[in-house]
């Protein structure tokens with residue numbers, strides 16, 4: 001009888017062990033399901049199971065328009081200064097930081113003067129030709145000379161514009177007028193505009209601050225640096241600033257933009273992305289274009305709409321699943 005009870009107990013223990021093993025296998029499979037979210041469309045979408053424990057890690061917030069004050073700081077260089085406003089060929093005498101620029105400006109003024117001579121000669125020759133007092137060859141030569149002078153003037157003006165100068169803007173400049181250039185990232189130029197006020201400081205003039213104004217913004221970015229050249233103008237009444245001096249320019253701009261936390265944005269292969277919460281278990285990786293930023297927020301120029309839900313915590317985990325790093 002005792003042996004029968006022992007045998008029965010042994011068989012019962014075997015069944016209990018088998019049941020526990022099956023339960024562990026089932027739990028193990030459940031854990032495996034937790035750890036394998038679905039990666040769809042090459043990582044564009046990530047889908048978790050409904051009870052996946054990692055879902056609580058990904059907090060989110062709605063995209064909103066926010067009014068912010070942006071402080072932009074950038075280096076600036078003095079490239080020219082009006083030494084004397086007395087006109088030479090209709091243009092003031094300007095000192096430049098670059099000898100090449102000085103030569104270009106001198107050539108520009110010389111071409112202005114020579115064009116006046118060429119125009120006078122052409123008009124005189126044409127009048128003589130109209131009265132049969134000059135030959136067609138003489139008129140053609142005068143016309144060719146005027147065209148050549150105008151072409152050379154255009155080349156000189158193009159060189160000045162590439163360096164950030166506009167001859168038309170310089171024409172009425174007063175004595176003491178100073179021009180500076182500052183190269184600003186493309187992400188900042190959307191908040192800048194012609195006429196915007198700024199402050200300038202120079203290491204060689206400690207404790208002093210000068211008021212400047214944006215006179216022009218480049219229409220084309222530098223393809224290598226992805227920056228836009230900004231020309232700034234100020235008046236140095238006390239003759240303290242010299243061409244070639246380095247300074248620091250500061251813009252303070254009030255701006256309304258579509259803002260998200262900086263933690264939401266990540267970069268990959270020189271592009272910027274965020275993750276959107278599409279449902280309680282689904283996340284979408286979306287490419288965006290960024291713009292201005294503050295200490296903890298960044299503006300989205302393109303790629304997001306108001307009230308979309310963007311992930312702002314543990315984004316690096318979703319990035320790893322999405323692009324496999």
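Pull out the extension gain between residue 54 and residue 190, defined as 0.36 nm times the separation in residues minus the alpha carbon to alpha carbon distance; nm, one decimal.
45.1 nm
Tell me, what is the FRET efficiency for residue 317 and residue 150 to the nearest 0.05, using R0 = 56 angstrom and their Cβ-Cβ distance as r?
0.30
Order these by the 10 Å Cβ neighbour count, fewest first: 175, 120.
120, 175
To the nearest µm²/s, what D does Stokes-Einstein give for segment 146-286 at 37 °C and 0.692 mPa s, using the Kirkwood radius over alpha carbon pairs as Rh?
176 µm²/s
Tell me, what is the FRET efficiency for residue 211 and residue 124 to the nearest 0.05, using R0 = 51 angstrom and their Cβ-Cβ distance as r? Show your work: numbers first, answer last.
Details: r = 50 Å, r/R0 = 0.97.
The pair residue 211/residue 124 has a calculated efficiency of 0.55.
State, to one decimal in nm, how far the label point of residue 84 lies from the label point of residue 143, with both points 7 Å from Cα in the Cβ direction.
Output for this residue pair reads 4.1 nm.
Based on the mean of other Cβ atoms within 10 Å per residue, sort peptides 214-222, 230-238 so the most packed one is first.
Peptide ranking by packing, descending: 230-238, 214-222.
May I ask you to sort 287, 293, 41 by Cβ crowding, counting other Cβ atoms within 10 Å and putting the fewest first?
41, 287, 293
Semi-axes of the equivalent ellipsoid for segment 245-325, please: Cα gyration tensor eigenvalues, times 5, square-rooted, ordered largest first, whole Å.
Numbers: eigenvalues 155, 49, 21 Å².
One finds semi-axes of 28, 16, 10 Å for segment 245-325.
Measure nothing but the geometry: give the 0 to 90° angle between the long axis through the Cα atoms of 136-162 and the longest principal axis through the Cα atoms of the chain, rounded to 10°.
40 degrees
Could you give the length gained by full extension between residue 62 and residue 175, i.e. 0.36 nm per residue of separation minus their alpha carbon distance, to one decimal place?
Here the answer is 35.3 nm.
Which stretch or stretches of segment 244-288 have amide N atoms under 13 Å from the point lying 7 Å from residue 44's Cα along the Cα→Cβ direction?
284-287
So, R0 is 22 Å and r is the distance between the beta-carbons of residue 71 and residue 197; what FRET efficiency does that work out to, to 0.05?
Details: r = 13 Å, r/R0 = 0.61.
It comes out at approximately 0.95.
Just one of (i) 5, 24, 31, 22, 12, 5, 1, 0, 0; (ii) 5, 17, 17, 14, 13, 11, 8, 5, 3, 2, 2, 1, 1, 0, 0; (iii) 7, 29, 36, 22, 5, 1, 0 is P(r) over Cα pairs in 10 Å bins from 0, in percent as worked out from the coordinates here. Which one is it?
Checking each listed value against the structure points to (ii).
Under the 0.36 nm per residue contour assumption, what length would be gained going from the current alpha-carbon distance of residue 287 and residue 222 to full extension?
Once the chain is fully extended between residue 287 and residue 222, it gains 21.1 nm.
Counting every Cα pair in segment 101-162, what percent are over 17 Å apart?
45 percent
Read the figures in this text as sums done on the coordinates, not as results from a lab. Values in this document were obtained by computation on a predicted structure and should not be read as measured data. Quick reminder, even Gly has a Cβ in these numbers, built from the backbone with ideal geometry, and neighbours come from all protein chains shown.
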